[in-house]
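To start, the structure itself, in structure tokens.
The values are calculated or read from the model by the stated rules, or taken from the named source; none is laboratory data. The model shown is predicted, which means the values in this text are computed figures rather than measured ones. Cβ atoms come from the backbone with ideal geometry, glycine included; neighbour counts cover every protein chain shown.
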Amino acid sequence: MKRRRLAAIIIAALGVFAVIGPARAETTLRVVMHSDLKIIDPIWTTAYIVRNHGYLNYDTLFAMDAKGDIKPQMVDKYEVSKDQLTYTLTLRDGLAWHDGKPVTSEDCIASIKRWGAKDSMGQKLMTFVKEMQAVNPKTFKIVLTEPTGLVLGALGKPSSNVPFMMPKRVAETDPNTQISDTTGSGPFIFKKDEWKPGDKAVYVKNPNYKPRSEAPSGMAGGKVAKIDRIEWKSIPDHQTAVNALLAGEIDMIESPPHDLYPVLKADSNVKLFNGNPLGNQYTFRFNVLHKPFDNPKIRQAVLHAFNQEDFLKGVIGDPAYYKTCKSFFPCGSPMASTKALEGLLDSNFDKSKALLKEAGYDGTPIVLMHSTDLAVLANLAPVAKSLLEKGGFKVDMVSMDWQTLVARRAKKDPPPAGGWHAFLTSWVAADILNPVMMGFLNASCDKAMFGWPCDKDIEGLRDAFARETNLAKQKQLSDQVQLRATQYPTHIPLGQWYGAFALRKNIDGVLEAPVTVFWNMTKK
Amino acid sequence: MLPYIGRRLIATIPVMAVVAVVVFSLLRLTAGDPAAIIAGDNATSADVAAIRTRLGLDRPLVEQFVIWIGRVVRGDFGESYFFKRPVSQLILDRVEPTLALATVTLVLTVAFAIPLGVLAAWKRGTWIDRAVMGVSVLGFSVPVFVIGYVLIYLFAIELAWLPVQGYQRLRDGVPGFVQRLILPSVTLAVVFVALIARITRASVLEVLNADHVRTARAKGLGELPVLLRHVLRNAAVPIITVIGIGIAVLIGGVVVTESVYGIPGLGRLTVDAVLARDYPTVQAVILVFSVVYVLINLLVDLSYTMLDPRIRY
């Protein structure tokens, strides 16, 4: 009797399982990003880690595809009036915030206003905006004072600050105050309750997200979340992160240092993938406020003393991960051009010395800030020092950690009193695609970025670029900006370099994009 | 005893005041600007200046100090510049991993260092003594992070017995908690064992030659009772003292170990806060560490009365 009862229970249980079917295991992707997530407002800061957080949690009206074209993202369709003064944008059906409420025109207008108050390209765009009006809950208009080619480019800009859309109640937060409500409408939902700065940030798939039907391309197209849960693990030590990947404790490292690539390549369970084909650009930045770099001719001498290969070899080493690119704009992007840079960046030391003599260089030592703690930057300053000295300069290289450099570069004091003459950094290509986006080309004196170049010609050309709506004419203007930037150097491009994601072999669907994105990724 | 404890606790107030002044001043003298770090790489000077104003960093240093110390006295450590959370909450969130790591390390240390030290002293001049002292010198000389990487390579990568990194809270399961604590604790304990074993050996050696030990042996007591009852107890005061002083070494080691093993404890919080120039967090963590250090030394002093009845306060 007991046996029969037991058999009946087993059969019943099997029947239940047969009806339910096997449960699909939740997929969790564990990732070590380039930095820990400490701030969650992508409008309040330009930090790349916060931008990447933004792309998971929020969505954008437009986005840049793999070819560099701006495509609608949250926008279903848009119209530009014949006089090019009115843009009418209609949102896609089914867009909803993570709390279930629909995305409305009012939300988008408030979001654009907040972003436009903070972002440099947004500020430029807002100088052309007369007003923004909600036509109905799904349609709104941007009315301009004069035509500009900036509207789509700015609203679809891929990098910081990205114009992410937020609910009106959030977007009405003062731009200089951090938001605390993280409601977005992106393909993933940020789990604020599980966020532990210094430990992990968690995102789960947004079950109500309606991706576009197009295939993903760059930052555009269908953002299909195929992973249920993403955990950004904070492991600040590179070696430990690599060990954790080799041991299978994590699935991906966003930016492992180049010197650990051989270790990663040697493991059959790990693969490297260059997710950002445009890469990054090394840059030498002048401070034009103080002698001798207040003299453009002396800055031109640096253009003759430097060559890109030495910098790239000195930091990256493996030619597979760098290329020389004599252009202010990233090679492979629409505005790239070698015009005006022929004959420069060839380490012509005689020419450099001749220019210094002509300019009356008095031997003032160049205070060169040397960042020592970031592997991708640490070797740049010693190479610069060597080339500058060969080119006839005296150099006082001051070593410090990056955060100290960040603080010091904001100071306008004379170099001997705690200021500076020059430093080297790296730009993500997506941040420097044209003269308006490229912050170092901003030559508006006190309003410019640290280094404070001051040149009416460059500013005039950048304004003309902003007004221009024709791509061919924009390219001409871009070339003119580049020419002027060799006569009045604001900074020097030192070539492009590439990093690779390190991934476990069971991770697929990683997209090539200027920013690390997680849609389309799968884990077997 | 109670008046003594009261006096000692009152004496911690000027100590903490000095620590507060030194920490506050050192941080302000250190190069770096939290506002510039918060603003991000693409920020303009105006953005940085606006953040400085909002954080109150443009006020005179004395005014900043008075505001901060006034809050601390009321038990408010302020809000982290970066995490936008109360610093006390941040510290509470990070206490468990550090406490667990420190406790397990201390237990391991006492379990290994004292027997090894006693053994080395008892077998003085033999190969056992030389081996224990040789390993101690090695343990004391090799940096914590090197020990950490070697242990990770052996036990996590090659043998795959233990996880490489991370921490699991006790409430999420004892096996995971223990598994993830073994390597960091052993890493940290190596230095501590080396230190305590050497001190134990020296203290025990001194007592081994004392008259009362000779008397105990002459009375016919076996070696083990002699060592435990008559030698170790009398040698305990300097050993306990060094364990107390060694807490400082432990705190330093925790900072490195938590970074190597990716443990989100107070050590990692300190490193992150220092790198980000998160003044309120650094100041609070150092004050907390200082209080802990002062209290542990008070406990060590009080323990003397239990170990040596001749000592009275």
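A few comments on the model shown:
- Within the option set B:PHE77, B:PHE82, B:PHE112, being outside any helix (DSSP H, G or I), more than 14 Å from chain A (Cβ to nearest Cβ) and either crowded, with 16+ Cβ neighbours inside 10 Å or in contact with a helix residue (DSSP H, G or I) (Cβ under 8 Å, 6 or more places away or on another chain) (or both) holds for one residue only, B:PHE77.
- Per-region count, the stretch A:215-233, residues touching a residue at least 60 places away in the same chain (Cβ under 8 Å) and either out of contact with any Asp or Glu (no Cβ under 8 Å at 6 or more places or on another chain) or part of a strand (DSSP E or B) (or both): 12
- Only a single item in (1) within 11 Å of chain A (Cβ to nearest Cβ); (2) at pLDDT below 85; (3) assigned to a helix (DSSP H, G or I) is not met by B:ASP41, and it is number (3).
- Count of the stretch A:15-40 residues, restricted to those that are at pLDDT 90 or above, over 19 Å from A:ALA241 (Cα atoms) and within 12 Å of chain B (Cβ to nearest Cβ), is 1.
- For the stretch B:44-59, a residue qualifies if it is under 38 Å from the mean Cα position of the chain (by Cα) and assigned to a loop (DSSP other than H, G, I, E, B), and the qualifying residues are B:GLY56, B:LEU57, B:ASP58, B:ARG59.
- The residues in the stretch A:437-460 that are surrounded by fewer than 22 Cβ atoms within 10 Å (Cβ to Cβ), within 14 Å of chain B (Cβ to nearest Cβ) and assigned to a helix (DSSP H, G or I) can be counted, and the count is 3.
- Residue within the stretch A:379-391 that is aliphatic (A, V, I, L, M), more than 25 Å from the chain's Cα centre (by Cα), modelled with pLDDT under 95 and surrounded by fewer than 23 Cβ atoms within 10 Å (Cβ to Cβ) present: no
- Enumerated strands (runs of 3 or more DSSP E) restricted to the stretch A:27-92, each holding at least 2 residues that are closer than 30 Å to B:ARG52 by Cβ: none
- Among the candidates B:ILE13, B:ILE5, B:ILE69, residue that is more than 9 Å from chain A (Cβ to nearest Cβ) and modelled with pLDDT under 85: B:ILE5
- Residue-level analysis places A:LEU278 among those that are hydrophobic (A, V, I, L, M, F, W, C), modelled with pLDDT under 95 and under 23 Å from the mean Cα position of the chain (by Cα).
- Of the listed requirements (1) surrounded by fewer than 21 Cβ atoms within 10 Å (Cβ to Cβ); (2) at pLDDT 95 or above; (3) in contact with a helix residue (DSSP H, G or I) (Cβ under 9 Å, 6 or more places away or on another chain), A:ASP463 misses just one: (2).
- Unique match (being among the acidic types (Asp, Glu), modelled with pLDDT under 95 and closer than 29 Å to A:THR45 by Cβ) among A:ASP119, A:ASP99, A:ASP107: A:ASP119
- Hey, B:GLY246 farther than 21 Å from B:VAL15 by Cα and under 12 Å from the mean Cα position of the chain (by Cα) or not: no
- The stretch B:44-57 - residue that is farther than 12 Å from A:MET449 by Cα and among the hydrophobic types (A, V, I, L, M, F, W, C) and, of those, nearest to the other protein chains (Cβ to nearest Cβ): B:ALA50
- Selection status of B:VAL190, hydrophobic (A, V, I, L, M, F, W, C), more than 12 Å from chain A (Cβ to nearest Cβ), within 23 Å of the chain's Cα centre (by Cα) and within 20 Å of B:VAL249 (Cα to Cα): yes
- Among the residues listed as A:PRO257, A:PRO262, A:PRO207, the single one being away from every other protein chain (no Cβ under 14 Å), touching a residue at least 40 places away in the same chain (Cβ under 8 Å) and farther than 26 Å from B:PHE83 by Cα: A:PRO257
- All of A:PRO175, A:PRO158, A:PRO236 fail the test of being crowded, with 24+ Cβ neighbours inside 10 Å, part of a loop (DSSP other than H, G, I, E, B) and in contact (Cβ under 8 Å) with a residue 40 or more places away in the chain, apart from A:PRO158.
- Among the residues making up the stretch A:498-522, those that are charged (D, E, K, R) and either part of a strand (DSSP E or B) or closer than 18 Å to A:MET219 by Cα (or both) are A:ARG504, A:ASP508, A:GLU512.
- Among the numbered conditions (1) in contact (Cβ under 8 Å) with a residue 12 or more places away in the chain; (2) within 12 Å of chain B (Cβ to nearest Cβ); (3) surrounded by 22 or more Cβ atoms within 10 Å (Cβ to Cβ), the only one that A:THR404 does not meet is (1).
- In the stretch A:292-318, the residues that are more than 14 Å from A:LEU494 (Cα to Cα) and at pLDDT 95 or above: A:PRO292, A:PHE293, A:ASP294, A:ASN295, A:PRO296, A:LYS297, A:ILE298, A:ARG299, A:GLN300, A:ALA301
- Of B:GLU63, B:GLU96, all but one fail to be surrounded by fewer than 20 Cβ atoms within 10 Å (Cβ to Cβ), part of a helix (DSSP H, G or I), within 12 Å of chain A (Cβ to nearest Cβ) and of a type outside the set (Ser, Thr, Tyr); the exception is B:GLU96.
- Close pairs (8 angstrom Cβ cut-off, 6 or more residues apart or separate chains): over 24 Å from A:ARG467 (Cβ atoms) in the stretch A:63-84, surrounded by 20 or more Cβ atoms within 10 Å (Cβ to Cβ) and of a type in the set (Ser, Thr, Tyr) anywhere: A:GLN73/A:THR60; A:MET74/A:THR60; A:MET74/A:SER185
- Residue match in the stretch A:408-425 (condition: touching a residue at least 60 places away in the same chain (Cβ under 8 Å), within 14 Å of chain B (Cβ to nearest Cβ), polar (S, T, N, Q) and under 30 Å from A:ALA66 (Cβ atoms)): yes
- Any helices (runs of 4 or more DSSP H) falling wholly within the stretch B:137-226 and containing at least 3 residues that are polar (S, T, N, Q): B:174-208
- Candidates B:LEU269, B:LEU295, B:LEU227, B:LEU287: the one that is at pLDDT below 90 and under 21 Å from the mean Cα position of the chain (by Cα) is B:LEU295.
- Residues that are loosely packed, with under 11 Cβ neighbours inside 10 Å and closer than 30 Å to B:TYR279 by Cβ within the stretch B:1-17 comprise B:ILE10, B:ILE13, B:PRO14, listed in sequence order.
- Residue within the stretch B:244-253 that is closer than 21 Å to B:LEU90 by Cα, within 14 Å of another protein chain (Cβ to nearest Cβ), touching a Leu at 6+ places or on another chain (Cβ under 8 Å) and part of a helix (DSSP H, G or I) present: no
- Those residues of the stretch A:41-55 which are of a type in the set (A, V, I, L, M, F, W, C), at pLDDT 90 or above and surrounded by 24 or more Cβ atoms within 10 Å (Cβ to Cβ), in sequence order: A:ILE43
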